[in-house]
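The structure under discussion appears below in the form of structure tokens.
The values are calculated or read from the model by the stated rules, or taken from the named source; none is laboratory data. Note that the structure is a prediction, hence the values are computed from the model and not measured. Cβ sites come from the backbone with ideal geometry, for glycine too, and all protein chains shown count toward neighbours. Quick note on the areas: whole protein, heavy atoms, side chains included, nothing else; ligands and nucleic acids left out. Shrake-Rupley method; radii C 1.70, N 1.55, O 1.52, S 1.80 Å.
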Amino acid sequence: MFASNLPAPAGRLIVVDDNLDQLHILNTLLSDYGYNVRPFSKGLEAFATAEADPPDLFLLDITMPQIDGIALCRKLKAHPRLSGVPVIFISGLTEANMVVTGLEAGGVDYITKPFRVLEVHARVKTHLALVAERRKVEELLRNTLPNRVIQELKDSGHATPEFFPDLNIFFSDFVNFTRLTSESTPPFLISELNRLFTSFDEIMARHGCERIKTVGDAYLAVGGNFTSGRETAVRLVRAAVEIQNYLARCNQEVKISGKGRPWQARIGVHTGTAVGAVVGTTKYLYDLFGDGVNMAARIQGIAKPMGITLSATTWALVNDQFQFHARGPVELHGKGQVQLYDLLLN
């Protein structure tokens, strides 16, 4: 018997049963427990509704016309948006082989009729709690790994190292950060970095770009979903502009209020080669490395405080969208003389 003395987690359920009396009972009982229930007597209608608006959990009868519960479960598990939604069978078929068939089809649980109200509630509550925990884990993964890597891990159980021939890469750090670390308390420094990098993440997301990692005060990001080309380059540069504008506003507020401290960033953007891979077997870390990342870091290193400097390869993709001042040729360590472009901020 499952425990049932805890409040039900908020959950949206789709219940499918061709027996209208049973459907009414389940709908009423589960609604009384606080669940948002959508009842259906036909499986294909439930499927169409779920496609448009996926629930948190399915409760399926098995013996139904049009499409039986086993076939409906298999159809759900084959759907990219619905495959992760748990299915609980609730059926009058009590044979052991039928229970096994339901679980092999993708069901997470099997309740036999006549059902007990507390048992149905307890099992639904338990699986919704598992869904909530899984979403927390997925959110943690999203803060650790790129979305495309998470999807590959889900699909295949491993992440294949990738070579990117023309990746749009953003690299930034803060001016005089090393000196600031010796002048500031650790709690203050971490609080400020959390505040700034959280805003950077939000800005990147708004422009369809993605942060890869931070190392101290360094912030590394790429164009959305690691795609190359003009569109993602433009988005990445627009994100860079918004980040500098955000810092300028913050610094103006510090100047007016006299509270806090100003932060100045240097930003370099480059389009070049890189390799991305998950490093480690027990502690996952996604890393991006290669000539393109090194180039972006070196460009950032000679950018002006509160400035954005682009390589010639990125400039060639975005020069019709922004105004620039040509800078160079400039000597870059290990790269020789290179042409760079400073973006003119309004």
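The residue that is farthest from Arg142 (Cα to Cα), counting only those in region 180-227 that are among the aromatic types (Phe, Trp, Tyr) and surrounded by fewer than 17 Cβ atoms within 10 Å (Cβ to Cβ), is Phe188. Among (1) without any contact (Cβ under 8 Å) to a residue 12 or more places away in the chain; (2) part of a loop (DSSP other than H, G, I, E, B), which single condition is Ile256 missing? Ile256 satisfies every listed condition except (2). For region 137-144, the condition holds for no residue, the condition being that it is among the hydroxyl-bearing types (Ser, Thr, Tyr) and more than 30 Å from Val234 (Cβ to Cβ). Among the residues of region 19-61, none is identified as among the small types (Gly, Ala, Ser), within 26 Å of the chain's Cα centre (by Cα) and closer than 12 Å to Val124 by Cβ.
I'm checking my understanding of the structure. Among residues of region 74-95 that are among the hydrophobic types (A, V, I, L, M, F, W, C) and over 32 Å from the mean Cα position of the chain (by Cα), which one is nearest to Phe47 (Cα to Cα)?
The residue in question is Ile90.
Filtering Leu118, Leu59, Leu82, Leu93 for residues that are surrounded by 22 or more Cβ atoms within 10 Å (Cβ to Cβ) and of a type in the set (A, V, I, L, M, F, W, C) leaves a single hit, Leu59. Regarding Val234, is this residue in contact with a helix residue (DSSP H, G or I) (Cβ under 6 Å, 6 or more places away or on another chain), within 20 Å of Pro165 (Cα to Cα) and not in a loop (DSSP other than H, G, I, E, B)? It is true that Val234 is in contact with a helix residue (DSSP H, G or I) (Cβ under 6 Å, 6 or more places away or on another chain), within 20 Å of Pro165 (Cα to Cα) and not in a loop (DSSP other than H, G, I, E, B).
Among the residues of region 259-295, those identified as open to solvent by 60 Å² or more (accessible area, probe 1.4 Å), in contact (Cβ under 8 Å) with a residue 40 or more places away in the chain and under 23 Å from the mean Cα position of the chain (by Cα) are Tyr284, Leu285. Applying the criterion of being modelled with pLDDT of 95 or more and open to solvent by 50 Å² or more (accessible area, probe 1.4 Å) to the residues of region 96-111, the residue that is nearest to the chain's Cα centre (by Cα) is Val108.
Would it be correct to say that Leu193 is in contact with a Phe, Trp or Tyr (Cβ under 6 Å, 6 or more places away or on another chain) and within 21 Å of Leu145 (Cα to Cα)? Break it down stepwise before answering.
Working: in contact with a Phe, Trp or Tyr (Cβ under 6 Å, 6 or more places away or on another chain): no; within 21 Å of Leu145 (Cα to Cα): yes.
Considered against the rule, which asks whether it is in contact with a Phe, Trp or Tyr (Cβ under 6 Å, 6 or more places away or on another chain) and within 21 Å of Leu145 (Cα to Cα), Leu193 comes out as no.
Within region 169-218, the set of residues being closer than 29 Å to Thr271 by Cβ, assigned to a helix (DSSP H, G or I) and within 22 Å of the chain's Cα centre (by Cα) comprises Leu193, Leu196, Phe197, Thr198, Ser199, Phe200, Asp201, Glu202, Ile203, Met204, Ala205, Arg206.
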